[in-house]
1. Using every Cα-Cα pair within the stretch 223-375, state what percent have a distance larger than 29 Å.
2. Going by average Cβ density within 10 Å per residue, which order do the peptides 224-231, 68-75 take, highest to lowest?
3. Length gain on complete extension for the stretch residue 32 to residue 324, per 0.36 nm per residue less the alpha carbon to alpha carbon distance?
4. Subtracting the Cα-Cα distance from 0.36 nm times the residue separation, let me have the gained length for residue 493 to residue 101 in nm, one decimal.
5. Residue by residue, what Karplus-based ³J(HN,Hα) values in Hz, rounded to whole numbers, does the stretch 207-217 have, using 6.51, -1.76 and 1.60 with θ = phi - 60° and x for Gly and Pro?
6. Between residue 120 and residue 442, how high is the FRET efficiency from 1/(1 + (r/R0)^6) when r is the Cβ-Cβ distance and R₀ = 45 Å? Nearest 0.05.
7. For the chain, what is the mean residue ellipticity at 222 nm derived from helices alone (per DSSP H run of n ≥ 4: -39500 (n - 2.57); sum divided by total residues; nearest 500 deg cm²/dmol)?
8. Residue by residue through the stretch 241-250, which ³J(HN,Hα) values in whole Hz follow from phi under the Karplus form 6.51 cos²θ - 1.76 cosθ + 1.60 (θ = phi - 60°), with glycine and proline marked x?
Amino acid sequence: MADLAISPTSDGDSVADPAELGRLGEALARLTPALARFLEGADASTFPPYPIGAVPSEPGPLPESGRGLDATIAELAIAVEWGCRIGAPGWWGFITTAGTTAGSLAQVATAVAGGQRYLVHAFNALERTGLRWLADLCGLPDGVHGVFTSGGSTANLVALGTARQAAYERRGFDVGADGAPDGAQGRIYVSAHGHRTIHRSAAVLGLGRNAVVEIPTDARGRVDLVALEAALRDDARRGIVPIATVAVAGTTDTGSVDPIAAVVEVARRYDSWVHVDGAYGLVANASPSFAPLFDGVADADSWIVDPHKWLATGLGVGAVFVRDAGVLTRAFTEGHAAYLEGSFSDEDVAVESQFDVMAGPWSDQGVELSAPPRGAIVWAVLNEIGRTGVAARVERDCGFARRVAERAASHPRLELLLEPDLSIACFRYRPAAGLDANAVNRQILEHLRRRSPFIPTSTMVGDALAIRPCFINPRTTQAHVDGLVDEVIRLGDELVR
Ligand SMILES: Cc1ncc(COP(=O)(O)O)c(C=O)c1O
């Protein structure tokens, strides 16, 4: 073969790109001290309150001529210093935390060398490994098909889009190709504590947010099976198409896990697809102590899990799994693209180049075409700590929630609002009779986030405003957990005095 190497001098007659394309090692080395300082802050046993810092109140104008790489590194270092502190050991808000070292490192490696999740290269292989390991970790059945997504919101959309395709196919319609048939109303059934991205998915899928039937829960925050069956039965009588019944494996508000096996049993009686929203909780199935909560999970049709929650990959990593890849593809295929014609070798030709085959069906499965190989980040996290490491994290974090629950239940001026299933504790300060407990606890929350290193967020348990720490943060220790409870008592006493 002729030598096709291009000599560097052949660049001479073209205008160089204005961006710096090398010096990455040097640039990283210059940013590293700021990153290290940021993490030291996150690891301190107590950290000062979190001021907003150097956030410009107005975006400056777009620079006409760029300020160059050196100035950009310097400004990035300032942004790192005032970056988002969800990795701080006392942050327990929502269900979100920062990446571990392996997670962050793999994010960087993936950004630089991962390119696209397609084609034949090391990161494409890690994408597949990440999917397989994640399914195994969560106790999903052999042969499930997975796709990484940007997070749980997109994962729920993809799962419910697949459910919609299947529901109408069973009635003789290809909704992916032709849209929903006239007059065929479809509904999704989920507990009143289902995540609102279920409703958004219903809106995007053309079912409408009001097509989500919110089923009441029992006192533990788990779906009421009698009410679920009644809703499915009444709608079946009216000819409404059951698109999906969603079992929540860890609600966002209270961490309650629906009785999945029983949900599957009820849903099957009405020919309904079963989707498990395990964005938060499903990885707890890795722990033998918590696995009984997930009994029946392998019998569902689709599942989601968010590695960027309890696996601490850093943000931007969700996953959806389905039992039947065919229906997923029929729901989301792009159809024929001319630019792919002739781009790849025939199937029976040996693969010689990274660019010989597409290597992964994901472009026709979900809502993203271009995407980074997020599986490499999941692979790195699981490769570092393994199944037992995940189980240990889950058990420790659920133990923290139990500890808060026990202290709240036994203290005269605290109230436990719900027994935790997983790692979310819901409790409050109990002021003397006659005082507005919600108002007092709202003030406690404000003091905590403005003046303390302990930052839970809140939810409503019935009519009660709950202080709601969600423990998924690998940097938390028991001293932080006890610090929160002590501080709530101290602040409550001070406020009501
Ligand atoms: C149960 C559940 N489902 C879905 C989501 C949405 O996930 P994401 O924020 O990754 O889009 C969340 C987020 O907290 C969740 O708790």
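Each value in this text was obtained by applying a stated rule to the coordinates, not by laboratory testing. These figures come from a predicted structure and were not determined experimentally. So basically every Cβ, Gly included, is an ideal-geometry build from the backbone, and we count neighbours across all protein chains shown.
1. On the way: 4000 of 11628 pairs.
Value for the stretch 223-375: 34 percent of Cα pairs lie more than 29 Å apart.
2. On the way: 224-231: 17.2, 68-75: 13.0.
Descending mean neighbour count gives 224-231, 68-75.
3. Values: separation 292, 0.36 × 292 = 105.12 nm, distance 4.48 nm.
Gain in length upon complete extension: 100.6 nm.
4. On the way: separation 392, 0.36 × 392 = 141.12 nm, distance 3.93 nm.
Length difference between fully extended and current span is 137.2 nm.
5. Once θ is set to phi - 60°, the couplings for the stretch 207-217 become 7, x, 4, 6, 7, 8, 8, 8, 8, x, 10 Hz.
6. Numbers: r = 55 Å, r/R0 = 1.23.
Efficiency for this residue pair is about 0.20.
7. -12500 deg cm²/dmol
8. 7, x, 6, 7, 10, 9, 9, 8, 9, x
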